[in-house]
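Worksheet for the structure shown next.
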C-alpha cells in the first residue's frame with residue numbers, strides 16, 4: 001500500500017523538525033513504510049529533554065538518528081518535514097536549510113498525497129476559522145459518524161492525519177474530517193474535497209506580521225479546490241466570503257438570515273449554548289444533507305452531541321452560581337461570542353493571558369456592554385485589556401471592580417467571593433495560555449478542578 005508515492009521518498013535523506021505528536025506520527029509512519037530511508041530527527045530541545053518515546057524509537061531503529069541544530073547545518077537533506085507552528089525563519093536561521101534544494105513537506109501534505117492510492121476515493125472534509133472550528137469539526141464528525149460508515153477525525157483537534165491511514169480500509173469508502181489550523185494549512189498545496197470556512201478574525205499576530213499574512217496562511221483550505229469540490233462558508237462574514245471566492249468548487253453559504261436552517265437547529269435539543277454555536281452547527285446540517293442523511297437523523301445526532309471540553313463547558317454549580325470553562329477561547333472574538341451567549345445574566349469574567357499581538361478594543365466595548373459583575377485578569381495581557389476598557393469608560397464600575405490574579409487558584413477564590421446567586425463565572429481568556437499554563441487544556445482543567453472543589 002502507498003508504494004507509488006512512497007517510492008519517491010525511499011533512499012532519500014529526510015529531516016523531521018519538531019518532536020511533538022505530529023513529528024512522532026511522521027517518524028513512525030516513515031519508519032514503517034520506508035525501510036531504506038535515512039531519517040534525521042531534530043528539535044530545539046536536547047534529546048534528554050524530550051519524551052522518552054524518542055529515545056526508545058532511536059534505539060529500535062538504526063536508520064534513525066537525532067541531531068542538534070549545529071549538526072543539521074553540516075548536512076544536506078532532500079526532504080524536510082516541518083511540524084506546524086515552526087516559523088520558516090527557524091528553518092533558515094537556526095538550521096540554515098536551503099529551501100531551494102530541500103523539498104518542504106508536512107504530515108498533512110503527505111496524508112493528502114497518499115489518498116489517491118485508495119481503491120475507493122475518500123471524502124475529505126476540512127474546517128478552518130479563527131473561532132469555533134473545534135466545535136464545528138466535532139459536530140460534523142459526530143453527525144456523520146452516527147449515520148455513515150468509516151468516518152474518521154483528525155487534524156488540529158489532536159490526531160495527526162497520517163494516523164488515519166493506519167485505521168482506514170482503502171477498499172471501502174472513507175470520510176476524513178479534519179480540523180485545520182493556519183499553521184497546518186500554510187504550506188499545503190492540496191485542498192479538501194469539502195471545505196468549511198468560518199469567520200476569520202485577527203489572531204496569531206505574534207507569529208504572522210499582519211492579519212493579511214494570517215488570512216493568506218489559511219487560504220489552502222479552498223484555494224486548490226476543483227470543479228467537483230464544495231465549499232461551505234459563513235455568509236455573514238466578509239472574511240469567510242472572501243476566502244470562499246478562491247474556490248473553484250460549488251459554493252454553499254450559511255447564515256443567521258436562513259430562518260429555516262436556524263429554526264431547524266433550534267428544534268434539535270442541542271446542548272450547545274449561544275448564537276455562535278448555531279453557526280458552528282450549520283455546516284454539519286448542510287454536509288449531512290449533501291451526503292443523504294435525513295433531517296430526523298441529523299436532529300437526533302445534534303441532540304446527542306456533547307459540547308467539546310473547554311468550549312463553554314458547564315463544569316460546576318455552587319449556590320446557584322454556574323461555572324463555565326471556555327478556556328479554548330484564545331482570541332478576543334471568541335470571548336465576545338461567549339459574552340453574547342450569556343446576554344442578560346451577570347457575569348464574573350476571568351480573562352487575559354500571554355501576548356499574541358492582537359488588540360482588545362472591540363472586546364473592551366463588548367465587556368462594557370455586557371455589564372459584568374466583576375472582571376478578573378491574568379498577566380500579561382490583563383493590564384492591556386483593562387486599559388482598553390478604561391479608555392472607553394474611565395469612570396465605569398470596572399475601574400474598581402477588577403482584580404489581577406497570578407494563579408488559577410487565586411482567580412477562582414476571588415470569583416467565588418464576588419459572585420452572587422444566578423451569576424455566571426466564565427473563564428474565557430481571549431488570549432493564549434503559555435505564560436502561566438502548559439496549554440489551554442491545562443488552563444481549563446485547573447479551572448474545572450478548582451471550581452468543582454469549592
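The values are calculated or read from the model by the stated rules, or taken from the named source; none is laboratory data. Quick caveat: nothing in here was measured; it's all calculated off a predicted structure. Cβ: placed from backbone, ideal geometry, glycine included. Neighbour counts: every protein chain shown.
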Of the numbered conditions (1) part of a loop (DSSP other than H, G, I, E, B); (2) in contact (Cβ under 8 Å) with a residue 60 or more places away in the chain, residue 441 fails exactly one; give the number of that condition. (1)
Conditions (1) touching a residue at least 60 places away in the same chain (Cβ under 8 Å); (2) crowded, with 18+ Cβ neighbours inside 10 Å -> residue 275 fails only (2)
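Can you name the residue in the range 117-131 that is out of contact with any strand residue (DSSP E or B) (no Cβ under 9 Å at 6 or more places or on another chain) and in contact (Cβ under 8 Å) with a residue 60 or more places away in the chain and is also nearest to residue 9 (Cα to Cα) among such residues? So that I can check it myself, show each step before the final result.
Step one: list which residues in the range 117-131 are out of contact with any strand residue (DSSP E or B) (no Cβ under 9 Å at 6 or more places or on another chain), which gives 117-121, 130-131.
This time we only want the ones that are in contact (Cβ under 8 Å) with a residue 60 or more places away in the chain, so: 117, 130-131.
Numbers: 117: 16, 130: 34, 131: 36 Å.
The residue in question is 117.
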Among strands (runs of 3 or more DSSP E) entirely inside the range 358-437, those with 2 or more residues being under 28 Å from the mean Cα position of the chain (by Cα) are 374-377, 424-427
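Could you check, for the range 373-384, whether at least one of its residues is surrounded by 15 or more Cβ atoms within 10 Å (Cβ to Cβ), modelled with pLDDT of 95 or more and over 19 Å from residue 330 (Cα atoms)? Can you show your working first?
Here is the first cut: in the range 373-384, the ones surrounded by 15 or more Cβ atoms within 10 Å (Cβ to Cβ) are 373-379, 381-382, 384.
From what is left, the residues that are modelled with pLDDT of 95 or more are 373-379, 381-382, 384.
Then drop every residue that is not over 19 Å from residue 330 (Cα atoms), which leaves 373-374.
Yes - at least one qualifying residue is present in the range 373-384.
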Would you be able to say whether some residue in the range 32-42 is without any contact (Cβ under 8 Å) to a residue 12 or more places away in the chain, touching a helix residue (DSSP H, G or I) at 6+ places or on another chain (Cβ under 9 Å) and surrounded by fewer than 21 Cβ atoms within 10 Å (Cβ to Cβ)? yes
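Within the range 409-424, is there a residue that is modelled with pLDDT under 95 and either more than 18 Å from residue 315 (Cβ to Cβ) or surrounded by fewer than 22 Cβ atoms within 10 Å (Cβ to Cβ) (or both)? Explain how you work it out, then say what you get.
From the range 409-424, those modelled with pLDDT under 95 are none; that's our starting set.
The answer is no; no qualifying residue exists.
Can you tell me which residues in the range 214-240 are surrounded by fewer than 16 Cβ atoms within 10 Å (Cβ to Cβ) and in contact with a strand residue (DSSP E or B) (Cβ under 7 Å, 6 or more places away or on another chain)? Explain how you work it out, then say what you get.
Taking the range 214-240 first, the residues surrounded by fewer than 16 Cβ atoms within 10 Å (Cβ to Cβ) are 226-228, 236, 238.
Passing the criteria: none in range.
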